[in-house]
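The values are calculated or read from the model by the stated rules, or taken from the named source; none is laboratory data. Owing to the predicted nature of the structure, the values given are computational and were not obtained by experimental measurement. Quick reminder, even Gly has a Cβ in these numbers, built from the backbone with ideal geometry, and neighbours come from all protein chains shown.
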Amino acid sequence: MKSNTKSLNRISIASLLVALGIIYGDIGTSPLYVLKAVVGEHKIDETLVYGGVSLIFWTLVFQTTIKYIILTLRADNQGEGGVFSLYALVRRYGKFLAIPTILGATTLLADGIITPPISVASAIEGLNAVNGLEHTIVPGNKLTIGIVVAIISGLFFFQRFGTQNIGKAFGPVMAVWFTMLLVVGGAQIMHYPDVVKALSPHYGYDLLMHYPHGFWLLGAVFLCTTGARPFTATSAIVVSGISEPPGSS
């Protein structure tokens, strides 16, 4: 029993690093285009910024933390997740359940197709803010699209060597990325601590109800969850891919 416990502890640490490279990169790049999409061409003021941050924060709390991490990840079938695994549990209650299962699988597939281009494109388009690249990296031009296609093609090419290897390669990179977000974000909060007030949900309410066309900004806010749905579907696969079967130690 002790050897199995030690093995599980060791595996959990490895799983964390691998998952960081495979899954959390998507969640970590969402802020690159979410706040930009919320602000858009609007005049920047306190209601827009605080309200946008508030909506993004509470969307992640309810949609990602509570719904996916706390509830969905606990809905497993002998440690296996995903709509087909859950269908194996409930199929005895009626054949019609195959329909929502198929719909769930197709929507996840569609999300998995659209999310990588959005994440990579937003990262490349961010180079537009670098001095000297304003007229080179332009959203939608051939160079930007070519770079995005090359990066995605390269990732899918190397993925054939195993998802675990991709995770090991990108795990340290994403650890540096999130450390940078923590340091830079913390420095900005110290410089302007009033932004913490945006965590109050009433700022989000004011944006939705009192800001011109504020309700339609929910479509942009929803982008912050694009990395969460592939996360829930893939996390069990990542863990099982590097785990040892029970009693193997």
Please list, ordered by first then second residue, the pairs with beta carbon atoms under 6 Å, 6 or more apart or interchain, first in the stretch 109-120 and over 10 Å from I151 (Cβ atoms) and touching a residue at least 12 places away in the same chain (Cβ under 8 Å), second outside any helix (DSSP H, G or I) and not aliphatic (A, V, I, L, M). T115/T226
Residues that are within 21 Å of the chain's Cα centre (by Cα) and either over 29 Å from Y68 (Cβ atoms) or not charged (D, E, K, R) (or both): list the helices (runs of 4 or more DSSP H) wholly contained in the stretch 83-198 that include at least 2 such residues. 98-125, 142-159, 163-191
Within the stretch 195-213, considering residues that are touching a helix residue (DSSP H, G or I) at 6+ places or on another chain (Cβ under 7 Å) and among the aromatic types (F, W, Y), the one nearest to F57 (Cα to Cα): Y203
Would you confirm whether or not the stretch 135-142 contains a residue that is without any contact (Cβ under 8 Å) to a residue 24 or more places away in the chain, surrounded by fewer than 17 Cβ atoms within 10 Å (Cβ to Cβ) and in contact with a Pro (Cβ under 9 Å, 6 or more places away or on another chain)? no
L55 - would you say it is modelled with pLDDT of 65 or more and either within 28 Å of G219 (Cβ to Cβ) or touching a Pro at 6+ places or on another chain (Cβ under 6 Å) (or both)? yes
